[in-house]
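No value in this document is a laboratory result; all are computed from the given coordinates. In this text the structure is predicted, and so the values were computed from the model without any measurement. When we count neighbours, we look across all protein chains shown, and the Cβ atoms used for this are built from the backbone with ideal geometry, even at glycine.
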Amino acid sequence: MRADGTGKTKLLETEEINDQTRFRLTFDDGWIYFANVADSYTLYKMRTDGSEKTKLNDDEFSVVQTISDGWVYYQSNSTLLGLDGDANEQCEVQGKTYMIRIDGSGKREIAF
């Protein structure tokens, strides 16, 4: 939609899980980067007009952290644990951090 709230257009269907739509978006240079809930939260990109939807990887539970110099930095296969190790008490994120080129090539693990 436009900055004034007009021209709203649906770009992508999302699924409802536990009565909440879970969808994370990051924008860069005319592209939207997101973890697609309908595909196990794998990493995708598409143009801001909804065209050129492209899957970037097969990692489940991806969360885009940032985009810089042609790289997407994301965390994947994350587990949320509480201080006592209870997965229901969400406090700490455990997972691996990766970088991947914006075309989906050159994936590298950069941290644990």
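Filtered by the rule that a residue be over 13 Å from G104 (Cα atoms) and either exposed (fewer than 12 other Cβ atoms within 10 Å of the Cβ) or aliphatic (A, V, I, L, M) (or both), region 31-47 gives I32, A35, V37, A38. For region 33-66, filtering for residues that are outside any loop (DSSP other than H, G, I, E, B), more than 8 Å from the chain's Cα centre (by Cα) and more than 15 Å from T97 (Cβ to Cβ) leaves 8.
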